[in-house]
Amino acid sequence: MSEADPIRTEDFVADPHLDEDDQLKSVFVRQVFDAVEAGEDERVRELVSPLHPADIADLFEQAPSELRSAFAASLAELLDGDVIAELNDHVREELIDTLDPREVADIASELETDDAVAIIEDMEEEDQRAVLRELSPDDRAAIEEALSYPEESAGRLMQRDLIAVPEHMTVGDVIDYLRDNQDLTTDFWEVFVVDPQHKPIGTAHLSWILRTPRNVGMSDVMKREQTLIPVDMDQEEVALRFQKYALISAAVVDPSGRLVGMITVDDVVHIIQEEASEDILKLSGAGDGDINEPIIMTVRTRLTWLIVNLGTAIIASSVVGLFQGEIAKLALLAVLMPIVSGMGGNAGTQTLAVVVRALAINQLTDSNTVRMIFREFRIALANGAALGLLIGTGVAFVFGIPELGLVIGVAMILNNLVAGLSGILIPVTLDRLRIDPAVSSAVFVTMMTDVMGFFSFLGLAALAGLAS
């Protein structure tokens, strides 16, 4: 094709194993699993070998649990470190449990330190020691250092393989150093400049180095302003820094300020997805929400919060019990009261989702909490008034009881105010108490809107004498 020729869609060949959504085709998946069941190992490798490591990992996750051991044996060398690094945590643990320490060590040695740590950190302590003994001294030292840091911290997330040079070097010195040392990492785009104490004082992109004359000093090329990541910083805070400052990579420093590693944006993308999914699932009490999670773990997590919900439902029903006489006299109350509590619950959930997200990304802070409370109060009042007018007018018209329309309209306003305020006050209070608001807020917000919805509607109906 000449430079003048236009680029055509038909010039690109799509992967025949993937559909338009980049998912493995079900026909192809069935072919692979049929070959595994038939013991046709060569056929399995022939089918799977063209796939990207991420697609092989997807395929392995889709395999029935009873077939995974045979599938792993069929894949042989195709099931390498790149594939295992892409596997779901639960599936990876299941696979690692079937391997001996030597095999795990071989896989870990192929990976970046952060990926190797992800494989080893969830193993039993005795199994960890067995794997570490099989590693080379350098790999073992790097992984042991990483395991010494808190879980979900920058120390676990960072890569040790980086390029660091002293500031007295010239651009030519750095280029020669990169070319002459074969043991340096080959995957980098930024060079860190350090002082004699190995503290980072600047960074230089490869593009800057390659476009600068050889005799220019690194101190004149580097950018001195940089975002440093403390080694014990929580991974969620790390992700927020990358997002806020639009970072591609960042130096990780120990408590004394010395350069110990770096974090790149591809690691952070995974963390952002993981943390966002975690918060969403916590709001519903669904645990990890992972279809590969063992059933007993899923049942235990969900049942815990369902029992808590049962308790709050009993509290709400006890409020209804206080007005059973009025309900018996006017059955319409039983028909209409779920509308008030249900709409309040939806309004509370909307506010709660916004607030939990704002807390997670540090948008909601001590300086703007009061302003946020008044904002949600005004929103709840406006929504409640609109809904109250709508439902009140409708009830008065349909049932011909203006007083009942007024009661349900006022109850709708009151419950929306409670929903809006509880949707922000409950998660903020839990956050101040160092309790994850994503885990338990929804239960208490639902309880508040149910209790207030029933109490306001039935209480106002009793005061108005509608059931007399």
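Brief remarks on what is shown
- Qualifying residue in region 170-183 (condition: outside the structural domain of E110 (by TED's automatic domain parsing) and buried (at least 19 other Cβ atoms within 10 Å of the Cβ)): yes
- Being charged (D, E, K, R) and under 19 Å from the mean Cα position of the chain (by Cα) holds for only one residue in D220, D267, D254, and it is D267.
- Of the residues making up region 335-344, those that are surrounded by fewer than 22 Cβ atoms within 10 Å (Cβ to Cβ) and small (G, A, S) number 1.
- All positions within region 427-445 that are more than 22 Å from the chain's Cα centre (by Cα) and crowded, with 17+ Cβ neighbours inside 10 Å: F444, V445
- Selection of region 218-235 for residues being surrounded by fewer than 18 Cβ atoms within 10 Å (Cβ to Cβ) and in contact (Cβ under 8 Å) with a residue 40 or more places away in the chain yields S219, P230, D232, D234.
- Residue within region 366-377 that is assigned by TED's automatic domain parsing to the domain that holds F444, more than 21 Å from L330 (Cα to Cα), polar (S, T, N, Q) and touching a helix residue (DSSP H, G or I) at 6+ places or on another chain (Cβ under 7 Å) present: yes
- The one condition in (1) without any contact (Cβ under 8 Å) to a residue 60 or more places away in the chain; (2) surrounded by 21 or more Cβ atoms within 10 Å (Cβ to Cβ); (3) of a type outside the set (D, E, K, R) that T369 fails to fulfil: (2)
- Hey, F192 touching a Ser or Thr at 6+ places or on another chain (Cβ under 9 Å) and at pLDDT 90 or above or not: yes
- Spans of helices (runs of 4 or more DSSP H) in region 47-116 with at least 2 residues without any contact (Cβ under 8 Å) to a residue 40 or more places away in the chain and either more than 29 Å from the chain's Cα centre (by Cα) or closer than 18 Å to R30 by Cα (or both): 53-62, 68-75, 101-110
- Candidate set: region 189-217, residues that are without any contact (Cβ under 8 Å) to a residue 40 or more places away in the chain and aliphatic (A, V, I, L, M); chosen: the one surrounded by the most Cβ atoms within 10 Å (Cβ to Cβ): V193
- Yes/no for R156 being within 27 Å of L228 (Cβ to Cβ) and touching a strand residue (DSSP E or B) at 6+ places or on another chain (Cβ under 6 Å): no
- Some residue of region 142-155 being more than 30 Å from R241 (Cβ to Cβ) and in contact (Cβ under 8 Å) with a residue 24 or more places away in the chain: no
- One residue stands out in region 266-316 among those that are at pLDDT 75 or above, assigned by TED's automatic domain parsing to the domain that holds K244 and touching a helix residue (DSSP H, G or I) at 6+ places or on another chain (Cβ under 6 Å): the one that is farthest from D58 (Cα to Cα), namely V268.
- When G388, G394, G405 are checked against the criterion of being surrounded by fewer than 18 Cβ atoms within 10 Å (Cβ to Cβ), more than 33 Å from the chain's Cα centre (by Cα), at pLDDT 90 or above and closer than 20 Å to F457 by Cα, G394 stands alone in meeting it.
The values are calculated or read from the model by the stated rules, or taken from the named source; none is laboratory data. Given the structure is predicted, the values throughout are model-derived calculations rather than measurements. FYI the Cβ positions are ideal-geometry reconstructions off the backbone, even for glycines, and counts take in every protein chain you see.
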